[in-house]
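Everything on this sheet refers to the single structure shown next.
Since every read-out is calculated from the coordinates, none of them should be taken as a lab result. Everything numeric here is computed off the predicted structure, so don't read it as measured data. No Cβ is skipped: glycine too gets one built from the backbone with ideal geometry, and neighbour counts run over all protein chains shown.
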Protein chains: 2
Amino acid sequence: MYRSHNCGALSAKDIGKTVTLCGWVQKLRDKGFIGWVDLRDRYGVTQLIFDAERTAPELLQAAKELGRETVIKIKGEVIARNNANPNMPTGEIEVLVQELQLLNAAKTPPFTIEDQTDGGEELRAKYRYLDIRRNPVKNNLIFRHKVSMAVRQYLSDQGFIDVETPYLIKSTPEGARDFVVPSRMNPGQFYALPQSPQTFKQLLMVGGMDRYFQIVKCFRDEDLRADRQPEFTQIDCEMAFVEQEDVLHVFEGLTRHLLQEVHGIDIKEFPRMTYAHAMKTYGNDKPDIRFGMEFAELNELAQHRDFNVFNAAALVVGIAVPGANSYTRKEIDALIDWVKRPQVGAKGMVYVRCNEDGTYKSSVDKFYTQEDLAAWAKATGAAAGDLICVLSGDIDATRAQTSALRMELATRLGLRDPKVFAPLWVIDFPLLEKDPETGHFHAMHHPFTAPKPEHLELLDTNPAAVNANAYDLVLNGNEIGGGSIRIHDRDTQSKMLSLLGFSKEDAQAQFGFLMDAFEYGAPPHGGLAFGLDRLVSILGGQETIRDFIAFPKNNAGRDVMIDAPAPLDQEQLEELYLSSSANKQ
Amino acid sequence: MYRSHNCGALSAKDIGKTVTLCGWVQKLRDKGFIGWVDLRDRYGVTQLIFDAERTAPELLQAAKELGRETVIKIKGEVIARNNANPNMPTGEIEVLVQELQLLNAAKTPPFTIEDQTDGGEELRAKYRYLDIRRNPVKNNLIFRHKVSMAVRQYLSDQGFIDVETPYLIKSTPEGARDFVVPSRMNPGQFYALPQSPQTFKQLLMVGGMDRYFQIVKCFRDEDLRADRQPEFTQIDCEMAFVEQEDVLHVFEGLTRHLLQEVHGIDIKEFPRMTYAHAMKTYGNDKPDIRFGMEFAELNELAQHRDFNVFNAAALVVGIAVPGANSYTRKEIDALIDWVKRPQVGAKGMVYVRCNEDGTYKSSVDKFYTQEDLAAWAKATGAAAGDLICVLSGDIDATRAQTSALRMELATRLGLRDPKVFAPLWVIDFPLLEKDPETGHFHAMHHPFTAPKPEHLELLDTNPAAVNANAYDLVLNGNEIGGGSIRIHDRDTQSKMLSLLGFSKEDAQAQFGFLMDAFEYGAPPHGGLAFGLDRLVSILGGQETIRDFIAFPKNNAGRDVMIDAPAPLDQEQLEELYLSSSANKQ
C-alpha cells in the first residue's frame, strides 16, 4: 500500500494522525529554515511542511531540491495550519514530514501544470499526458465519465440492453467515406469501420431485442473541419414497436435526467419546432433559442419601392438586434464587412436604427418612408434602441447568412450563456434533399429513414415533398443527436435506395442482408443517436469537443503524441497483399 | 403507442382489462371453431384466443392464416384460462382477441425459433437476427448486459474513471499482428487498431488519472483458432501508486461481487498459486481446481528399475483418476489412443489399476513390484478403485500432455460442473520466455511488465531467471484475465526492449512517446485486463464465447450475415493510394 490517504482527503478531524501520501510536487516555497511543498494528486492538494526545528536536516535539504512534478511519497503527521486557507478543502491542515521517498524524477515540464497554463495547443497535444494532469482537462474527463455512467444507468433502468455491435464490418457508401481495414486472411478484401451501428441495431430490432443502446465509437473519413474528429462517440439507441412520440418521450426523459443530475436544472417539457419553421424563423435547422432575434420575412413590406436590391431578391429578412442602436457608424460598417466575408457571403446589409424618439434612420432612407420602416420594426419586433439588420437574396443563402449574423450578434451581446440550457426538438424533416448541382436526391437523414405513412404515395409522384418522422435534438444551437422511424419492409427500402440512385444490384450487394431480414418478420422500429462528445462538452458549459476527449486527433487527423498514422513496414504491406502508391506521386 | 403491455406482463390480476399487445406468432393451434396463437416478444409469451362464439368470423379466419414469425398487433380482453399452465408466467390468462392487425409478414424462417432449434451453426450465423430471437441467445446477450453494468458500477464506486482511449493508433509489434487502417489524409501512412489500450492507460497514469477502467474492443489479426475472435472485448483497468497486492485486492473484489450478483455465490478468499507450482502440479498456468487429479512427479519412484522409457525421460508424471479402475481394457486402450493423437502428442501411457483388494495391476508389471506401485499410488493419492495414468518424456511436453489428459478425464467424469466456480490467482510469472527455436527472448506478459524489484540485477546476468509481479485470474480452468506491475522509468523500459531484440532506433520510434512520458514524473502503476467475452460465457455456465457475442465472426474471420470483408471499389483503393496484389497471386 503506497498511501494511507489521497491528497484531497485530510481535514481538521485528521489532526494528530500519521499518514502516508503520494503525489506530484506542484509548488515549493523555501524560506531557508522552513519549506512548504504543495503535493498534488487526482483528488487535490495537500501542503507539506519541513522545518529546521522538527525535520531532520537532510530531509529539509532534500525537500528544497525537489523539482516540479517530481513524484514523491511522504510519511508525516497531520497538524493544524498556522494560516488556514478557506479556499482549499485541505486548507486547515498541513503534514509535517518525517519520511520522504523519491518515487520518480521529473524533467521540467514543457508547460506549467496549472489551471491557466502557458502551453499552446500544439505543445499540450504532444504532451497530452501532462495536459491531463491539469484540473480543467482532468475534470472534463471525470465529468464525461459521470455523464456516461448516468446515461447507461438511465437507459438500463428503462429496459434498454447494451449490446456490442461489431467494429469490423462492410464498406457501404452510407454518406461519408469509410475507414477500411485490409484482411490478411481474406486477400484483396477489406473490412470497414462503422460510421454508426445503424444496420446492426436495426437487425437487433428484427431479432426482437426491442430496446437497445450502446455507447460506441464511430468512424468517418471526412476532410476534417474544425472540431471534427475521425473517431467519435455516439450514444446509440433503437426501439421496436414504437412511434416517433415514444422515442421522443424516452430521450427527452434521458436529457432531462442528465440536466437534473449534472446541473440540478429541471426543464419541464422540451419545445418542438418543425424543420420548415426552424428554417423560416432561424435560417437553421439547429436554432439556438436561448435568445430571440427571430427572422421576419419582409418581402411584402419591402418590395413595393424602388430599391432594386430587395425587389430582385427571392427573400428579404430582417432581425431586430436588441440595444444595438448604440453601435457607432464604424461598428455598423464593421458588421457589414463581417457579413461580406467569404465565410458568410452576403452581398451587403441594410440597417435601420430605431431611435429613442420613435423615429428611424436607415441606410435606405431614400427608398423607404418612416411608415415603411415602422412596419419593418413591427414585423421584426424591434423596439426603440434596437437596430434592424436586413439581408436579401436567394432563399437558402439569405437564411444561412442571416443565421450566421444572428449567432454572431448573440455572441457579441453575451446572449449565449453556457449556464443556460435550451433544448429543442426539431421535427418533420424532409426525407430527401436534392443536390442543386447534380439534381440527385440524397437522404436527409440516412437511407433507412421511413417516409411519413401519409406521404408514402408521394414517393412516386413528388419525392421532394415527402417528409419523414425524423427528429433532431438541439441544445443551445448545437445538434446533439437525431433519429427517425425506420423503414421496416423490403419494398419501401428498395424504392428508397432506387430513389437514391442505387442500381438493383448495388442495393442488393450492399444492403441485401438488411432487406432480406425485413422479410422474416421485422417489427416497426425507430431510434436515435446522440453525439456524446458534443453532448458532454455542452453540458460541461463549453463548445470544443476536443477538451472532453482524452486523446484527440488534430485537424489533419493525426495523434501528435504517438505520431500516428505512420508508414508500415514493407513486410507488413506484403502480408496484406497491398502496395502503396503514395511515394510515387 | 403500439402496445399497452408486453407479452410477459399479464397475470390473473389483469383479468378483465383491455390490452394491446405486439409480437411474433410463435405457434398456432387451430381446432376449427377455436384457435390459439402464442404471441412472443422479448419478455415472454402470451396466449391469444379466437373462437367462433366470441370472435368475429373474419378475425377467426385471419388468425388461422397467420404464419410463424408474422408480426402482429392485437387488442383484446384478458380472461382466465380454462387450463392454467403453471410453467408459464402468463399461464393463468389468455387474451380474447377483438382486433388483429398485421404489422409485417414473415417468410418461413430457415430454422425453428425454439430453445432447441433444428438450425446448424452456419445457418444460424447467416440469419443471426433470427437466432437472436431464440431464448438461449437472447438471454445470453441480456446476461452480458447485466454483467457489463455490474462491472462498470462496481469500478465506478471504487473511484475508477471510464476513459475512452483512441481506436486509430499506431502499429507496434506488441505480440500479435495489428489490423491496420490506411489514412487517406496522410498518404502512404496507416493507423493501427489497438490490440489493447496498454500504452494509453499507462499514459493516463502518467497523467495522474490514478484509477482508470474501460470496457473496450481490442483487435488482433491472428490466425484464428477455435473460439477466438479478431475483435474481442476487454475490461481494461489501471491503477497508480499500487503494489501487486492492491491490484489483486480490487479485482478479487470485482470478481467476488459478480459471482454474488449473478449467482448469489459467496467466495471468501481466492486461492493463490505461483506459476511454477501451477506448472508442476497441473502442467498448466490456468489450472482448473474444481477437482483434484494433481500431478505426482514419479521420477524417483520409477527410475530405479529396468523400464527404459521412464529411465530415459526427463519427467515421469502420474495422476490418480477417481473410480476409473472400472474402465474396461477397451476403454483404457481408447484412452491411450486419445493421448497419442497428434493434438496431444504423447508416445504412450502407462496405467495402474488400483484394485479393491489393495493389489495393483499395471501395464508395466514386469518392471515394477507391488511395493513400487503402492508407492506410486501413495504419491498420486490413488485409492482403491482408482486408475493411475502415467506419462513421461520431456518436461514441457509431458506436462502439457498430462494436463490435456487430466482435463479430458475430468470432462468425462463430470467433474467440470459449470455451476461450480473456482477462481484462482496464478502469480510470480517469469518476465521472459525463451523461444526454443530462435533462442530469442519474448515477453511472457508484454514488454511493459516490470521485473520484481529484487530481481532487477538479474536482468543483466540471467534474464531467464527474472520473475515479474505479473498475475492471472483463472476461473474454472480458463484464463479470465491478467496483468502486472509496469515499468515506470525510461532506463528499465529501454533495457527491457533491448532484451526483446529492439534496436535503440526501433525502440524509440515505436515506444519513444511512452519512454519520454516516463521522464516527466511517472508514478508507479499496474493494472490488469479481463476478457469480457470469456468472463461472461463462464459466468453464464458455458465455454463458447461466440454464444455471448451478438454478431460474432466465423473461424475465417468472416461475418457471414453481412458478408464481410469484401472487395473495395477501385476508386476507393485509389483514394487511399493503394493497390491490391491479391488477384495477381
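Note down, for the stretch B:262-394, the three equivalent ellipsoid semi-axes (square root of 5 times each alpha carbon gyration tensor eigenvalue), biggest first, whole angstrom.
27, 18, 16
Provide the FRET efficiency to the nearest 0.05 for the residue B:570-residue A:314 pair, computing r from the beta carbons and using R0 = 51 Å.
Result of the calculation: an efficiency of 0.75.
What number, in percent, do you get for the relative contact order of chain B if the mean sequence gap of Cα pairs under 8 Å and at least 6 apart is divided by its residue count?
About 12 percent, as a whole number.
Compute the FRET efficiency between residue B:456 and residue B:118 as 1/(1 + (r/R0)^6), taking r as their Cβ-Cβ distance and R0 = 60 Å, and round to the nearest 0.05.
E(calc), rounded to 0.05, equals 0.45.
Rg/Rh for the stretch B:318-411: what does it come to with C-alpha atoms and Rh from Kirkwood?
Rg/Rh: 0.94.
Along the principal axes of its C-alpha atoms, what lengths does the stretch B:12-104 span, in descending order and rounded to whole Å?
Computed over the Cα atoms, the extents are 30, 30, 22 Å.
So if I restrict to the alpha-carbon atoms in the protein assembly as shown, what is the Rg, and what is Dmax, the biggest pairwise distance, in Å?
My reading of the Cα-based Rg and Dmax gives 35.2, 127 Å.
Inter-copy label distances at residue B:454, 7 Å along the Cα→beta-carbon direction, one decimal in nm, shortest first?
Counterpart label points of residue B:454 in the remaining copies fall at 8.1 nm.
Which shape class applies to chain B: rounded if a/c is under 1.5, otherwise prolate when a/b exceeds b/c and oblate if not, where a ≥ b ≥ c are the square roots of the Cα gyration tensor eigenvalues?
oblate
Under a cut-off of 20 Å between alpha-carbon atoms, report the aspartates and glutamates in cross-link reach of residue A:452, not counting same-chain residues fewer than 8 places apart.
Partners within reach: A:238, A:243, A:245, A:246, A:285, A:428, A:433, A:460, A:472, A:489, A:491.
Based solely on its DSSP helices, what 222 nm [θ] is calculated for chain B when runs of n ≥ 4 H residues each add -39,500 (n - 2.57) and the sum is averaged over all residues, nearest 500 deg cm²/dmol?
Per the formula, -8500 deg cm²/dmol.
In nm to one decimal, list the spacings between the residue B:326 label point and its equivalents in the other copies, with label points set 7 Å along Cα to Cβ, shortest first.
Ordered by distance, the counterparts are at 9.7 nm.
Assuming R0 = 30 Å, can you tell me the calculated FRET efficiency for the pair residue A:54 and residue B:491, based on Cβ-Cβ distance, to the nearest 0.05?
Efficiency computed from Cβ-Cβ geometry: 0.25.
So for the pair residue B:274, residue A:411, with labels modelled 7 Å out along Cα→Cβ, what separation do we get in nm?
Distance between the two pseudo-spin positions: 6.6 nm.
Put the label 7 Å from Cα along Cα→Cβ for residue B:342; what are its distances to the other copies, in nanometres, shortest first?
From this label point to the equivalent ones elsewhere in the assembly: 6.8 nm.
Figure the gain on full extension for residue B:243 and residue B:395 (residue separation times 0.36 nm, minus the Cα-Cα span) and round it to one decimal in nm.
Length difference between fully extended and current span is 51.4 nm.
Under 15 Å Cα to Cα from residue A:347, which aspartates and glutamates show up? Leave out anything in the same chain fewer than 8 places away.
Once the sequence-local aspartates and glutamates are set aside, what remains near residue A:347 is A:333, A:337, A:394, A:396.
If the cut-off is a Cα-Cα distance under 18 Å, which aspartates and glutamates reach residue A:13, setting aside same-chain residues fewer than 8 apart in sequence?
Cα-Cα hits under 18 Å: A:77, A:92, A:94.
Given labels modelled 7 Å from the Cα in the Cβ direction, how far is it in nm from residue B:434 to residue A:504?
Placing both labels 7 Å beyond Cα along the Cβ direction yields 6.9 nm.
Can you run phi through the Karplus equation (6.51, -1.76, 1.60; θ = phi - 60°) for the stretch A:163-172 and list ³J(HN,Hα) in whole Hz, with x for Gly and Pro?
Going residue by residue, I get 10, 7, 9, x, 9, 9, 10, 10, 6, 9 Hz, with x marking Gly and Pro.
Using 7 Å Cα-to-Cβ label points, what is the residue B:84/residue B:304 separation (nm, one decimal)?
7.4 nm
Can you tell me, using C-alpha contacts under 8 Å and at least 6 residues apart, the relative contact order of the stretch B:12-104 as a whole percent?
Here the relative contact order equals 33 percent.
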